[in-house]
Amino acid sequence: MGLARRAPLWSLLIAAAALDAAERVELTVAAVTGADWRVAGLTLSIELSGDGLAGELAVQEIALPGAGLSFADTRVRCGRLELSGAGMACRDALVSFALPGAERQAVPAELTYARHAATLDFVLRGVALAGGELDVRGSASPTAVRASLVATSLDLARLPPLVEPFVAGLAAFDPAGTADLRAAIDLRAGELARLDLSGGVYAASFSNEAGTIVAADADAALELHATRSGDGWAFEATLDGNAGEAYVEPVYMNFAETPLRFSVRGATAAGRRAAALDSLALALGSAVTVTGGLDVTFPGDDGPRVSGAIRLEDTDLDALYSGLLQVFAAGTLFGDLDAGGTVSGTVRLSDNAVGGVELYLDDVFLDDRAGRISVAGLEGELHWPGPDGEPADAPATVLAWDAASAYRVPFGAGSVRLRLGGNDVELLAPVRVPTMGGAVRIEQLAVTDFGEADASGVLDAALEPIQLGQLAAAFGWPAFSGTLSGRLPLMRYDGGVMTLGGSLTARAFDGDIEIANLRLEEPFGLAPRLAGDVRLRNLDLELVTNTLSFGLIQGRLSGDVTGLQLVGWRPVAMDLHLYTPPGDRSRKRISQRAVENLASVGGGGAAGALSSGFMKFFEVFAYEEIGLRCVLANGICEMSGAGPAGRDELGGGYYIVKGKGLPRIDVVGYQDRVSSASLVSQLENILASGTPVVR
């Protein structure tokens, strides 16, 4: 202890107490200092009464310079003062003081000073603090201050001004809620050297300005042990949350659905801008268990940056995906999934991004809620060395599944061996996947920069004959007959565009179908764009119309669709031309229902004539030629047919069906321009009802 300006403090006190003749003694001391504290402007009054000694100590300032704390005008009233050569005891005390940012208050206390040890033991009870109460017990010496605190019903919104010297920046989080806390603190040289803290927070909410660290209505229990180590801290902490929500970018947690238990051991660097979490464990309910070690930095208001490795124990994929992974996948093909099964392995993080993965999958299912992809019964192991890794650095990825689908196309069981590295994927062995009565055989597959704007790849594959009926059902089309087969001649994907190096041919409806110049943009986006040309040759119209429930038409049909463009699988441009093949010598017949439906498509005549006169007695008519053309652009179809039909009372028109023989029936179209939406709706109504719709 330092000295008073004239004499040691306790020498003066003992001398004053020895003056039996005096009823009141008053002493003043300019200042008393310790290594980490300073007391200035002391005035001590001692009174002698029939009950013994009583006293009052007035202090102008108590300062803890290292902690930035200062208390002005503190008074201690001792109801019973005991003085001896060993020291002083202040019994039945009442301490009057003001905490920073709070009103003045007086609380009961006990003070005992041991002269030889130069220590002051103190007890304060019922201190009003942040809307709650605080009991303090401790000891102060020339070199240290140690105290234990018990606080109940603290209002978190009123805490920041009180703890700002110890936890800088807390006010910026705008906290709310209540807390009960127990703490033991050790101050040395005016700075906090050790902190032991336990307690709970209730309905707690807070947020930083950037919104990267947020909690709402959270109930949590906390235990923390921290010791200063050089310019940083070594610490151990546990956190249990069972109500409310929290978001620490990029992880969101709902404690009510999946209670949290988090434990960590680590150390902070100087300035508290970085922390090494040497050992951590995170459990979300009973479904997710994560262990590992991480390095965390706090570069600024944009939130923490995390690197390191975490280990997944046998973990429920649903809880893992919804609780931790979904936020990483936002905006990708895997951003909105139903998931299940069990997964284990290691995930490496680099600056908040996934830097490498080793996963082991057991009975996993993934189902995209947008209907784009799904897989069931997925088993195997996945090895990805990260975005900067080389394929040669990772073992082969081996996966097998029971069933899958892509854009509503179903696939059967299969397995695959892949090499993953960086953003590259390479097929290590040919694979055959059953689908729609046939199969897809993949001989070669290589993709580079997968998921990037400049991704590219090649695919060498073939289709074993698949059933067109199943393909049509997958896309919600009318049931077709026939098969689709052929080779996909080196399909390429580059810059979000997929192209074929040749044509895909199919045999259907006893005719030939060829698809050429195929181009698919953004196949994994929300609105894929498909372009190409389709060539139809000598299709059996009876098979086609029976399939479509359009009404009977016998004969052959050819057609060309050039400049076809689909956006989101809906046509936006094309030149569609359907016609009777030149030189067709097949039997050509058309039923009343087919006539009516064709007439309704072209907005033309003939339909009315079928319901009156002798024509109504005929079910089938002969025809010479069928023709229909739609040039679609800007939502409008420019319509034409098998040639001009001349003018009549309805005006000029074009033949859709040119009749032949007796009774002769012609179907003439009069609408030159038709909204593509109206045309598609008309066709959908005809195909859905199986009955004619006449306008």
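The values are calculated or read from the model by the stated rules, or taken from the named source; none is laboratory data. Remember, predicted model here, so these are calculated numbers, not experimental data. Note that each Cβ is placed from the backbone with ideal geometry, even for glycine, and that neighbours are counted across all protein chains shown. We work out accessible area using only protein heavy atoms, side chains counted, and drop any ligands, DNA or RNA first. Shrake-Rupley method; radii C 1.70, N 1.55, O 1.52, S 1.80 Å.
If we keep just the residues of the range 168-214 that are assigned to a strand (DSSP E or B) and among the hydroxyl-bearing types (S, T, Y), which is nearest to A140 (Cα to Cα)? Only one residue tops the list, namely S198. With respect to being in a strand (DSSP E or B), buried (at least 19 other Cβ atoms within 10 Å of the Cβ) and at pLDDT below 85, L463 fits the description.
Contact map, the range 566-579: first residue over 24 Å from A642 (Cα atoms), second residue of a type in the set (K, R), Cβ cut-off under 8 Å, separation 6 or more or different chains; pairs are L566/R529; V567/R529. Applying the criterion of being touching a Lys or Arg at 6+ places or on another chain (Cβ under 9 Å) and small (G, A, S) to the residues of the range 525-546, the residue that is least open to solvent (accessible area, probe 1.4 Å) is G532.
Taking (1) modelled with pLDDT of 80 or more; (2) under 27 Å from G525 (Cα atoms); (3) touching a Gly at 6+ places or on another chain (Cβ under 8 Å) in turn, D278 satisfies each apart from (2).
Taking the numbered list (1) free of Cβ contacts under 8 Å to residues at least 60 places away in the same chain; (2) within 25 Å of E249 (Cα to Cα) in turn, A193 passes all entries but (2). When A106 is tested against the conditions (1) in contact (Cβ under 8 Å) with a residue 40 or more places away in the chain; (2) hydrophobic (A, V, I, L, M, F, W, C); (3) under 15 Å from L57 (Cα atoms), the lone failure is (1).
Residues in the range 642-695 that are surrounded by fewer than 14 Cβ atoms within 10 Å (Cβ to Cβ), modelled with pLDDT under 80 and part of a loop (DSSP other than H, G, I, E, B): E649, L650, G661, L662, P663, R664, G690, T691, V694, R695. Exactly one residue among A54, A30, A40 is open to solvent by less than 20 Å² (accessible area, probe 1.4 Å), modelled with pLDDT of 75 or more and more than 18 Å from G87 (Cα to Cα), and that residue is A40.
How many of the residues in the range 219-249 are buried (at least 17 other Cβ atoms within 10 Å of the Cβ) and not in a strand (DSSP E or B)? Total satisfying the criteria: 1. The strands (runs of 3 or more DSSP E) falling completely within the range 348-401 that include 3 or more residues that are open to solvent by less than 40 Å² (accessible area, probe 1.4 Å), under 30 Å from W569 (Cα atoms) and hydrophobic (A, V, I, L, M, F, W, C) map to 373-384. Only one of the listed residues (V248, V288, V306) is closer than 28 Å to E381 by Cα and either out of contact with any strand residue (DSSP E or B) (no Cβ under 6 Å at 6 or more places or on another chain) or modelled with pLDDT under 80 (or both). That residue is V288.
State whether one or more residues within the range 508-524 are under 30 Å from T448 (Cβ atoms), open to solvent by 30 Å² or more (accessible area, probe 1.4 Å) and in a loop (DSSP other than H, G, I, E, B). Yes, some residue in the range 508-524 is under 30 Å from T448 (Cβ atoms), open to solvent by 30 Å² or more (accessible area, probe 1.4 Å) and in a loop (DSSP other than H, G, I, E, B). Among the residues of the range 199-245, those identified as at pLDDT 90 or above and acidic (D, E) are D217, D219, E223, E236, D240.
Of all residues in the range 92-116, those being open to solvent by 40 Å² or more (accessible area, probe 1.4 Å), farther than 17 Å from R137 by Cα and of a type in the set (G, A, S) number 2.
Considering (1) farther than 23 Å from M639 by Cβ; (2) within 47 Å of the chain's Cα centre (by Cα); (3) modelled with pLDDT under 85, the lone condition that L548 does not fulfil carries the number (1). Scan the range 136-157 for residues that are part of a helix (DSSP H, G or I) and more than 18 Å from L197 (Cβ to Cβ) and the total you get is 1.
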